[in-house]
Amino acid sequence: MAQPITDDIVRKIPSLDEQWEEFKARLLADEDTIQALLRLAQAAHEAGVLPFLTGLLEQKNSVLHLLVEEINQDGVKKAINNIEQLAALWGTISQDTLHTVLDAMNQGLERMAQSSESGSTGGMGFFQILSYLKNPDVAQGMRTLFAFLEGFGKTLSSTQK
């Protein structure tokens, strides 16, 4: 009676011990790899992380279990989701727009600091506000702010319907 084909296939698969021995032989034959591993171990030892890494690897199942338990909490899930949403938003902003906005914010913060250093603590009158609006830079900032608020409000109203 003929043997099943699966027996022949199983006999041709090298055992795990044979694979390990072959891996060790290849590793030992590559002196550069050995030197790199020794440098890595020495650097980890000098940095004081070798015992930590060794313990982490030795206790990998319990550490992994604790890590999964911590990640599985509602607050962590929400934080991960929020970070994902922020990354998606960040990816939609063109680099030129972001550079312009950040530069404008920096200039605005510097001007704000200069204004607060001047010590003007009094209120502003109606005519002083009008004079600020005549300034082309202030007017451009207001137009930009109103355009932002328009887009912001449009999105808010469409999501609430």
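Points worth noting:
- Rolling a 1.4 Å probe over the protein heavy atoms gives the chain an accessible area of 92 Å² per residue.
- Counting protein heavy atoms only, the chain has 63 percent of its accessible area on carbon and sulfur, 1.4 angstrom probe.
- Summary of the geometry: the range 15-72 and the range 94-161, compared by the centres of their Cα atoms, lie 54 Å apart.
- Per-residue SASA entry for I80, accessible area with 1.4 Å probe, Å² rounded to 10: 90
- Label selected from [x] 7, 13, 17, 15, 16, 12, 11, 5, 3, 1, 0; [y] 10, 42, 36, 11, 1; [z] 10, 36, 28, 16, 7, 2, 0, the criterion being P(r) over Cα pairs in 10 Å bins from 0, in percent as computed here: [x]
- Structure remark: mean-square fluctuation, Gaussian network model of the chain, C-alpha springs under 10 Å; the largest value among Q73, Q128, Q42 belongs to Q128.
- Candidates D74, D96, D30, ranked by Gaussian network fluctuation over the chain, Cα under 10 Å, top entry: D30
- Just checking the listed ones, N72, N81, N135: in the Gaussian network model of the chain with Cα springs under 10 Å, the one fluctuating most is N135.
- Sequence-distant lysines (8 or more away, or on other chains) whose Cα lies within less than 17 Å of K154: none
- Heavy atoms of K77: accessible area, 1.4 Å probe, square angstrom to 10: 100
The values are calculated or read from the model by the stated rules, or taken from the named source; none is laboratory data. For clarity, every value in this text was computed on a predicted model and none was experimentally measured. Note: areas computed on protein heavy atoms with side chains; ligands, DNA, RNA excluded. Shrake-Rupley method; radii C 1.70, N 1.55, O 1.52, S 1.80 Å.
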